Ligand code: SAM
């Protein structure tokens, strides 16, 4: 193998991208072309055109979203909380640079404000230009892009609160570490209405069970309702991915009310995603 740009290798006339999830797990993707590669003040950003997954957004060597399966994660992190809240009007997205979450939230005409707080403007620019399969065109005037650290944003005073907060973060490395800490979750609580709720991606139950448990513990120390749900995302290591909700009031989804045009989420998924396999149930904090 001949070494090329960081994370990429030339094998004969083929280019391969290697995602290193952990010491003993590396996943290889054959690449047609490096479409974009830049280093921002926060991270290394690539858009790679892959053979099987189409264009993919890669941050610091970790796949975030691909044309083939990006809709699964983005639909699951948005439509589940927006279905549980009966009348969301103000929504905050923290992270979400591929714009897929904002695109899904914009499907709700009753939502008046969509604040998207992303630390890295270069991720948004690259995704809008080279990953339209995920970002869409996002011309919706309700989406306010705010380029700053989400942990600083939720400490600021505002004259309005949110109904739903979606923490669409990268894995807890670099600038995303603070998005998994107790202090941040407390600030989210303070930014929510008295019946508001938040959701975050909470990693793989196979490979990072301790992280899933810690997120639950932290949220349980703040929110009266904490629930876990799952989806299958082929490009996330292990395939099976968890999301954790923290809610001040609402607990149950209302699948019959769901009427959006989606590729993964439907009424049945909204019901079934809360059904957990036994090994995941064993990771639930029950007290
Ligand atoms: N679906 C993806 C996944 O789980 O792999 C995550 C999507 S999104 C690309 C994650 C975004 O979080 C990135 O664009 C990154 O720049 C942003 N981010 C990381 N730390 C942040 C912070 N402290 N404040 C705001 N955005 C942050």
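The values are calculated or read from the model by the stated rules, or taken from the named source; none is laboratory data. Computed from a predicted structure; not experimentally measured. Glycine also receives a Cβ, built like all others from the backbone with ideal geometry; neighbour counts cover every protein chain displayed.
For the reader, a short list of remarks on this structure follows.
- From the list 275, 216, 201, the one residue that fits, being away from the ligand (no atom under 16 Å from the Cβ), at pLDDT 95 or above, buried (at least 16 other Cβ atoms within 10 Å of the Cβ) and under 21 Å from the mean Cα position of the chain (by Cα), is 216.
- For residue 148, the stated conditions hold: it is assigned by TED's automatic domain parsing to the domain that holds residue 274, out of contact with any helix residue (DSSP H, G or I) (no Cβ under 6 Å at 6 or more places or on another chain) and within 10 Å of the ligand (Cβ to nearest atom).
- Of the residues making up region 60-116, those that are assigned to a strand (DSSP E or B), under 23 Å from residue 230 (Cα atoms) and within 13 Å of the ligand (Cβ to nearest atom) are 62, 63, 64, 65, 66, 92, 93, 94, 95.
- Filter result for residue 139 (within 15 Å of the ligand (Cβ to nearest atom), modelled with pLDDT under 95 and not in a helix (DSSP H, G or I)): no
- In region 247-268, the residues that are under 14 Å from residue 75 (Cβ atoms) form Cβ pairs under 6 Å with partners that are in a loop (DSSP other than H, G, I, E, B) and modelled with pLDDT of 95 or more, at six or more places apart or across chains, as follows: 260/107; 267/258.
- Selected residue [surrounded by fewer than 24 Cβ atoms within 10 Å (Cβ to Cβ), without any contact (Cβ under 8 Å) to a residue 24 or more places away in the chain and in the same structural domain as residue 263 (by TED's automatic domain parsing)] from 128, 107, 132: 132
- Test for residue 80: is it over 23 Å from residue 235 (Cα atoms) and either modelled with pLDDT under 95 or surrounded by 22 or more Cβ atoms within 10 Å (Cβ to Cβ) (or both): no
- In region 143-156, the residues that are under 10 Å from residue 92 (Cβ atoms) reach residues that are more than 11 Å from the ligand (Cβ to nearest atom) and part of a loop (DSSP other than H, G, I, E, B) with C-beta atoms within less than 8 angstrom, at least six apart or across chains, in these pairs: 154/191.
- With respect to the conditions (1) in a helix (DSSP H, G or I); (2) surrounded by fewer than 17 Cβ atoms within 10 Å (Cβ to Cβ); (3) touching a strand residue (DSSP E or B) at 6+ places or on another chain (Cβ under 9 Å), residue 176 lacks only one, and its number is (2).
- Residues satisfying the stated conditions in region 20-52, i.e. out of contact with any helix residue (DSSP H, G or I) (no Cβ under 9 Å at 6 or more places or on another chain), modelled with pLDDT of 95 or more and not in a strand (DSSP E or B): 51, 52
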